[in-house]
Amino acid sequence: MVARHARRRSTPSQREAVLRLLETYSDLAERGVHLLSGLLVGQAPRQWIHYPEDDAIDRASGFQWFYHSHSPEDRPGAVEHGHIHLFARRGLWSRRLQSSAEKAFAALCGSPALNPDTRHLLAIGLDAKGIPISLFTVNSWVTGDLMLSARLTLNLLESIRLDTGQPEVDAVIESVVRLCMPDIIELLQARDQALGAYSGPQKLQAPELELLADVTIDLDSIFIGID
């Protein structure tokens with residue numbers, strides 16, 4: 001796991017993302033509520049439960065996500081409180097599966113026969129205060145669907161727009177994706193290297209191949225690095 005702190009040449013989209021994150025957390029602080037308050041509706045979070053129960057879905061844009069946490073026994077040494085899994089629904093990628101990039105990636109994955117309705121894009125780890133602290137990718141058996149090539153994954157993330165009825169979480173997801181695109185590129189490269197290095201059969205179902213790649217993020221350092 002590698003943390004990135006180098007100064008980056010920023011884009012208008014990234015500068016906008018910084019302001020949006022600051023405004024989102026400032027508003028939450030003024031109201032005295034947690035980022036996940038709208039999901040938990042006054043209840044203590046329960047491990048393994050999806051929040052919301054049927055996922056947060058933006059049917060117009062084709063993206064969806066859910067938040068959950070693991071037990072300490074399942075994730076020993078983890079510092080996160082829980083994480084958000086982000087997915088693309090079929091309409092975003094079904095017509096692009098015959099591209100050379102998708103065919104090559106399917107071959108890398110062992111040419112799976114599954115045909116799920118979602119593809120996992122990214123996971124965002126949060127600390128107990130609701131601040132993003134990591135990005136990671138997991139094997140397909142973890143989420144029960146499949147992945148997409150790095151090229152298409154990045155293309156979809158670059159265009160992400162969310163309106164799931166959870167505006168604060170939507171804002172954080174969108175902003176983190178825009179701010180951390182260099183990290184996401186690195187993450188997907190490491191993901192594909194991990195998949196390529198595994199020589200066992202049915203690699204997408206291999207229990208020993210769970211966390212494919214992860215990277216720590218420090219939003220304060222990223223904010224300072226945005227010029």
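Quick notes on this one:
- Pair list, Cβ under 6 Å, 6 or more apart: segment 102-119 residue within 21 Å of W65 (Cβ to Cβ) and polar (S, T, N, Q), other residue at pLDDT 95 or above and assigned to a loop (DSSP other than H, G, I, E, B): T118/D145
- L157 being within 18 Å of L21 (Cβ to Cβ) and modelled with pLDDT under 95: no
- Qualifying residue in segment 174-194 (condition: at pLDDT 95 or above, farther than 27 Å from F105 by Cβ and not aromatic (F, W, Y)): yes
- Single residue of segment 62-72 satisfying the filter (crowded, with 19+ Cβ neighbours inside 10 Å and out of contact with any helix residue (DSSP H, G or I) (no Cβ under 7 Å at 6 or more places or on another chain)) that is nearest to G125 (Cα to Cα): S69
- Residue match in segment 123-142 (condition: outside any helix (DSSP H, G or I), touching a Cys at 6+ places or on another chain (Cβ under 7 Å) and closer than 20 Å to A88 by Cβ): yes
- Whenever a residue of segment 199-227 is in contact (Cβ under 8 Å) with a residue 12 or more places away in the chain and crowded, with 17+ Cβ neighbours inside 10 Å, its partners that are in a loop (DSSP other than H, G, I, E, B) and among the aromatic types (F, W, Y), lying with C-beta atoms within less than 7 angstrom and at least six residues away or across chains, give the pairs L209/Y198.
- Of the candidates V176, V172, the single residue that is in a helix (DSSP H, G or I), in contact (Cβ under 8 Å) with a residue 12 or more places away in the chain and closer than 21 Å to G32 by Cα is V172.
- Residue in segment 102-123 that is nearest to H85 (Cα to Cα), counting only those that are small (G, A, S) and under 21 Å from the mean Cα position of the chain (by Cα): A123
- Number of the exception - I160 against (1) free of Cβ contacts under 8 Å to residues at least 40 places away in the same chain; (2) surrounded by fewer than 21 Cβ atoms within 10 Å (Cβ to Cβ); (3) outside any helix (DSSP H, G or I): (1)
- Conditions (1) in contact (Cβ under 8 Å) with a residue 24 or more places away in the chain; (2) crowded, with 17+ Cβ neighbours inside 10 Å; number of the one not met by P45: (2)
- Members of segment 180-191 that are over 13 Å from I124 (Cα atoms) and buried (at least 20 other Cβ atoms within 10 Å of the Cβ): L188, R191
Residue-by-condition table, conditions (1) aliphatic (A, V, I, L, M); (2) out of contact with any Ser or Thr (no Cβ under 6 Å at 6 or more places or on another chain):
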| position | (1), (2) |
| --- | --- |
| A56 | yes, no |
| H70 | no, yes |
| A104 | yes, yes |
| G110 | no, yes |
| N115 | no, yes |
| G130 | no, yes |
| G144 | no, yes |
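The values are calculated or read from the model by the stated rules, or taken from the named source; none is laboratory data. Given the structure is predicted, the values throughout are model-derived calculations rather than measurements. Heads up, the Cβs are rebuilt from the backbone with ideal geometry, glycines too, and the neighbour counts pull from every protein chain shown.
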